[in-house]
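Data block below; observations after.
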Amino acid sequence: MQKKSFLSNYGLLIAMVGAIIVGCIIGAVWPNVYDADGNMVTKGASYLAPFGKIFINLMFCIVVPLVFASIAGAVANMKSKKRAGKIMGTTIATFVITGAIAAVIMIVLMKIIPPVLEPWGNLAAGTVGEQKSAADLIVSFFTAEDFVGLLSRKAMLPLIIFSILFGFGVQMAGGPETMTAKFLDDLSNCMMKLVKIITYYAPVAFLGFFADLVATYGPSIAGSYGRGLAVYYPLCLIYVFTAFPLFARFGGGKGAVKVMFKHILRPAITSLGTCSSAATIPTNLEVAEETGIPKDVSEIVLPLGATMHMDGSCFSCVLKIAFLFGIFGIPFDGIGTFLKVVLVAVVSSVGMSGIPGGGYIGEFIICSIFFPNQLDLAYPIAITIGNLVDPPATMINSAGDYVVSYIVARFVDGKDWLKKALAQKALESKEEIAK
């Protein structure tokens, strides 16, 4: 019985981890071959990339209706408008605070271990295509041109805002008693069942994704960017085992850390395999339900977190800025500079979410603010760093969304919410056995 229970709980997770390891080995022994100009001469394990792309596309196909149904349904079915406002206010405040903490941690590390010891003497000029103005970027972050524009995972923040407003509209029309509120709740439940079906394909997808990743970026990882990556990758691991337990303990009380580590591996591995916070929303919602996090909390915090909670992206933003300061020979110091870096890290991270590789929007914001006269050189360098750190950054972002749910639940339902949820689940389990 115990063996069956273990395999039932962890079998898929073990398969995912095993697939990642095998994929990395395949990518290492069958790498892509590039010439001196960076052009691919011989394709290696990247032939397996389509297996990963299928999974990512499937996740992206369900994420838009799932986000709309979960957020709009959560707001529409709340019996109290005050509770909805409290959840969203606490959520956004927590995202900003944890993002700022992450940026400060990275600034300290960059002062202790500079990513670039000497300015680069030879820099190949890059090119920057036509970019949106700051005003256009702000408009596109928060709104879409029409309803069809919302039906894309590239418009996650506009979709979330529309979903919140729609939910409040349903509230004004009668809330949980309306047919629309019941439909949204039912749609959200059905979408979660679809997530379970797609997740069975994840091991095959992760094998293909990581084989392609190592085959493509192996030489770059071992190159001149290695010093920065040697700081970034261990930092992400340390952050998971220090900051996350502290957040969980604060939010859930005694026993919360154990519960958090029991459930966090699934969204962490899914985010590593997809390199997208948006694609990890379904898995996050699933483990939040298993944990006992209040449904109205998780269905607001997690989709919103995929766009606004970017601790890993704050890490990478500071790394890019410090890296570019180093290669251009600019001193990375001064309280004014550091405050500006923290602000830019928190704000620009919003533009890097929901899209694999960051969408290059955040990199452009960074370079245009700090290096306007070297934009052609700074921009492609920042993009390269972004691509190399994207998997662990996304993992911190996405897994962190789940952890932040503990904090929001505490402020909304009190410090004993997890204890009550676990007691309720134990009671339901006993009743199920009795039947």
Could we say that THR394 is touching a Cys at 6+ places or on another chain (Cβ under 8 Å), β-branched (Val, Ile, Thr) and at pLDDT below 90 here?
yes
Looking only at region 353-365, decide whether some residue is of a type outside the set (D, E, K, R), buried (at least 20 other Cβ atoms within 10 Å of the Cβ) and modelled with pLDDT of 75 or more.
no
Among (1) surrounded by 15 or more Cβ atoms within 10 Å (Cβ to Cβ); (2) modelled with pLDDT under 85, where does ASP185 come up short?
(2)
Among (1) touching a strand residue (DSSP E or B) at 6+ places or on another chain (Cβ under 8 Å); (2) farther than 30 Å from GLY23 by Cβ, the one test that THR42 misses:
(2)
Give the residue that is surrounded by the fewest Cβ atoms within 10 Å (Cβ to Cβ), with candidates limited to residues of region 68-85 that are under 23 Å from the mean Cα position of the chain (by Cα) and not small (Gly, Ala, Ser).
PHE68
How many residues are crowded, with 22+ Cβ neighbours inside 10 Å, more than 18 Å from MET395 (Cα to Cα) and touching a Lys or Arg at 6+ places or on another chain (Cβ under 8 Å) if we restrict to region 239-291?
3
Which one is surrounded by the most Cβ atoms within 10 Å (Cβ to Cβ), of the residues in region 41-53 that are of a type outside the set (Lys, Arg) and out of contact with any helix residue (DSSP H, G or I) (no Cβ under 8 Å at 6 or more places or on another chain)?
TYR47
In region 301-352, the residues that are modelled with pLDDT of 85 or more, out of contact with any Ser or Thr (no Cβ under 7 Å at 6 or more places or on another chain) and within 22 Å of ILE56 (Cβ to Cβ):
SER316
Among the listed residues ILE107, ILE26, ILE113, ILE56, which satisfies the condition of being in contact (Cβ under 8 Å) with a residue 24 or more places away in the chain, touching a helix residue (DSSP H, G or I) at 6+ places or on another chain (Cβ under 7 Å) and over 23 Å from ILE396 (Cβ atoms)?
ILE26
Could you grab me the full set of residues in region 416-435 that are closer than 22 Å to LYS254 by Cβ and not in a helix (DSSP H, G or I)?
ASP416
Could you please find all residues in region 56-82 being in a helix (DSSP H, G or I) and in contact with a Leu (Cβ under 8 Å, 6 or more places away or on another chain)?
ILE62, VAL64, PRO65, LEU66, VAL67, PHE68, ALA69, SER70, ILE71, ALA72, GLY73, ALA76
Given the options THR127, THR143, name the one that is in contact with a Pro (Cβ under 6 Å, 6 or more places away or on another chain) and at pLDDT below 85.
THR143
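Let's see how each residue does on (1) β-branched (Val, Ile, Thr); (2) touching a residue at least 12 places away in the same chain (Cβ under 8 Å); (3) within 18 Å of ASN57 (Cβ to Cβ):
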| site | (1), (2), (3) |
| --- | --- |
| GLU145 | no, no, no |
| LEU151 | no, yes, yes |
| VAL170 | yes, yes, no |
| GLU177 | no, no, no |
| PHE210 | no, yes, yes |
| VAL214 | yes, yes, no |
| ARG227 | no, yes, no |
| PHE244 | no, yes, no |
With (1) in contact with a helix residue (DSSP H, G or I) (Cβ under 6 Å, 6 or more places away or on another chain); (2) more than 24 Å from LEU213 (Cα to Cα); (3) of a type in the set (Val, Ile, Thr) as the list, and ILE20 as the residue in question, which single condition is left unmet?
(2)
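The values are calculated or read from the model by the stated rules, or taken from the named source; none is laboratory data. Nothing here was measured: the structure is a model prediction, and the numbers come from that model. With ideal geometry, Cβ positions are generated from the backbone for all residues, glycine too; neighbour counts draw on all protein chains shown.
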